[in-house]
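Shown next, in structure tokens, is the structure this report addresses.
Readers should treat all values here as calculations from the given coordinates under stated rules, not as data from a laboratory. In this text the structure is predicted, and so the values were computed from the model without any measurement. Methodologically, a virtual Cβ is constructed for each residue, glycine included, from the backbone with ideal geometry; neighbour enumeration extends over all protein chains shown.
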Amino acid sequence: MAVTLDETVGGANANTYLTLIDADALVDAMISSSDVKKWQTGNDDSRNRALAAATQRLDREQFLGARSTNQQALQWPRIGVKRPDTYRKTYISGFPYRIGEDFFLETEVPEEIKRAQIELAVYLHNNPEGISLSGLEDYKDVSIGSISVTPNNYGATGADRIPPMVQLYLTGLRISGPGNISIRRS
């Protein structure tokens, strides 16, 4: 059965942040790679599946703020999330924050989320097993006695990990992860 995308912002049945047309436009601006070439030659259903899978994976992240409504299917839009590029302005312009300028609107999906989705969708379109690996693929050898671990590679494979470029787009939007501060009790 073909996958139908619903990109309604805040919708109860939404399953993507991007339409296929918007996704294709973003891919056209990417540097050509084997993943990009496969996306461009793929059929609509396979690209829709990749977009839906990328959205599902992104929505497992723990984002700052709270969902705008209890009825929305996806994590975004959210309320109480400061735009990552305005952190420096806090010290220059002083308080209080400029709500309309410094925070995402409760009806807005950040461009960073859309770019993370397309990066992940293009990756998954060419690497369909990319986020369903066990994590053991990352190691040549794992021993328990005297604990010996030999890594196999340092790429974006493994249990539920995402490519580094996707992580960069999520910087400042997640509770923890690369580029974010995680607060833990000692």
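A few remarks follow.
- Against the rule of thumb 2.2 N^0.38 Å, how large the Cα Rg of region 12-93 comes out: 1.39
- Sites listed here are trypsin sites (Lys or Arg not before Pro) in region 1-74 whose DSSP assignment is loop and whose Cβ has at most 12 other Cβ atoms within 10 Å: Arg60.
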